[in-house]
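Colleague: Sharing a structure, written as structure tokens. Questions coming.
Just so it is clear, none of the values below were taken in a lab; they were calculated from the coordinates. The structure presented is a predicted model; accordingly, all values stated were derived computationally and were not measured. When we count neighbours, we look across all protein chains shown, and the Cβ atoms used for this are built from the backbone with ideal geometry, even at glycine.
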């Protein structure tokens, strides 16, 4: 050691490392990561000051998640954060039964088998869930209220999603009540979106309803661009779709669920066991409307829908 340099400065104490397993890229996950960091700061932890974040990005290739999770576990992390849906949570669970896991998703973690008790989750897993999956049928109802002359809609579903079947069942029930037909299209690759959007103008369906799925939510900007290019009324779960120029969105507030995941991560770093952190449900569901896009599409949004929206873009 150089003379005159205190040992505390020459060899700083090691900071705890949080593993962050993302199904997407840093660019697509930027707003969600910002909310997570805000929650972590609320709990008293700032990256670089008293905690380190170690990232693994699946870049949209969800099949890579188990290997990436295992890589984080072998990195000596204190907490494994698994945001962005059930596939990430399952990958984290498969990698460790001892390191605390904090998940974030839009589905029911009990129904999906991630945990079997919300109030006192067993083992090393806890986390946050929003209501995005449970409100898919409401998206169909909202779009039908705006596209009032429609007799059929396209529904886009990710066949790899563990909630696909339950969402389709709910949407079919809603369609029967509304007296409209549904044409289901399966999408699990990015290049499959455009042909579906291109088929709507002049076709039998008059708009697109997206089921809840993180793969769709994380591609909101692309979906908004396609909706504008082909002049297609569409509704997704994510506000980013409407902010990017899409017509409607209805789903859980992802900023709150990721922020809460950050807070929970901080609580675990302080020494709390996942068993003592009940799974949190973000109950706020937000409706965003792009009135400017409605005008471009020649649609009139009912005043009752406008007055009930969380945000209306003029």
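Colleague: Stretch residue 152-residue 222 to full length: gain in nm at 0.36 nm per residue minus the Cα-Cα span?
Modeller: Gain on extension, residue 152 to residue 222, equals 22.8 nm.
Colleague: Counting other beta carbons within 10 Å of each Cβ, put 101, 296, 289 in order, fewest first.
Modeller: Neighbour counts put them in this order, fewest first: 296, 289, 101.
Colleague: Separate question: So, R0 is 25 Å and r is the distance between the beta-carbons of residue 305 and residue 283; what FRET efficiency does that work out to, to 0.05?
Modeller: It comes out at approximately 0.75.
Colleague: Here's something else I'd like to know. For the pair residue 14 and residue 169, what calculated FRET efficiency results from E = 1/(1 + (r/R0)^6), where r is the Cβ-Cβ distance and R0 = 51 Å, to the nearest 0.05? List each step's numbers first, then the result.
Modeller: Values: r = 50 Å, r/R0 = 0.98.
Working from the Cβ atoms, E equals 0.55.
Colleague: Would you mind pulling out the separation of the Cα centroids of segment 79-147 and segment 206-261, in Å?
Modeller: Here the answer is 19 Å between Cα centres.
Colleague: Additional query: What list do you get for 230, 264, 45 if you sort them by fewest beta carbons within 10 Å?
Modeller: 230, 45, 264
Colleague: Another question, then. Under 10 Å, Cα contacts only: if you run a Gaussian network model on the chain, which one of 229, 144, 32 comes out with the highest mean-square fluctuation?
Modeller: Among 229, 144, 32, the largest GNM mean-square fluctuation belongs to 229.
Colleague: Of the residues 162, 122, 303, which exhibits the maximal mean-square fluctuation in a Gaussian network model of the chain defined by a 10 Å Cα contact cut-off?
Modeller: 303
Colleague: Just rank 52, 105, fewest to most, by other beta-carbon atoms within 10 angstrom.
Modeller: Working: 52 16, 105 28.
With the sparsest Cβ surroundings first, the list reads 52, 105.
Colleague: Can I ask one more? Between residue 70 and residue 43, how high is the FRET efficiency from 1/(1 + (r/R0)^6) when r is the Cβ-Cβ distance and R₀ = 35 Å? Nearest 0.05.
Modeller: With a Förster radius of 35 Å, E is 0.85.
Colleague: Give the shape of segment 39-127 as rounded, prolate or oblate, defined through the alpha-carbon gyration tensor: a ≥ b ≥ c are the square roots of its eigenvalues, a/c under 1.5 means rounded, and otherwise the shape is prolate if a/b is larger than b/c and oblate if not.
Modeller: oblate
Colleague: Between residue 97 and residue 292, with labels modelled 7 Å along Cα→Cβ, what's the label distance in nm to one decimal, could you check?
Modeller: That separation, rounded to one decimal, is 5.4 nm.
Colleague: Do the sum for the chain: with -39,500 (n - 2.57) for every DSSP H run of n ≥ 4, divided by all residues, what is the mean residue ellipticity at 222 nm, to the nearest 500 deg cm²/dmol?
Modeller: -10500 deg cm²/dmol
Colleague: Write down the percent of antiparallel bridges among all DSSP beta bridges whose residues are both part of the chain, to the nearest 5.
Modeller: Percent antiparallel among DSSP bridges in the chain is about 10.
Colleague: Let me ask another. Given [x] 145; [y] 160; [z] 123 as candidate values of volume of the Cα convex hull per residue in Å³, which corresponds to the one derived from the coordinates?
Modeller: Calculated volume of the Cα convex hull per residue in Å³: the matching label is [x].
Colleague: Between residue 270 and residue 194, with labels modelled 7 Å along Cα→Cβ, what's the label distance in nm to one decimal, could you check?
Modeller: 5.0
Colleague: Over segment 176-314, what is the percentage of antiparallel beta bridges among all DSSP beta bridges, to the nearest 5?
Modeller: 40
Colleague: Compute the relative contact order of the chain as a whole-number percentage, counting only Cα pairs closer than 8 Å that sit 6 or more residues apart in sequence. It would help to have the intermediate numbers written out before the result.
Modeller: On the way: 660 pairs, mean separation 64.6, N = 314.
So the answer I get is 21 percent.
Colleague: On to the next question. What is the distance, in nm, between label points placed 7 Å from the Cα along the Cα-to-Cβ direction at residue 185 and at residue 50?
Modeller: Placing both labels 7 Å beyond Cα along the Cβ direction yields 5.1 nm.
Colleague: Let me ask another. Between 27, 280, 237, which gets the highest mean-square fluctuation from a Gaussian network model of the chain, Cα cutoff 10 Å?
Modeller: 27
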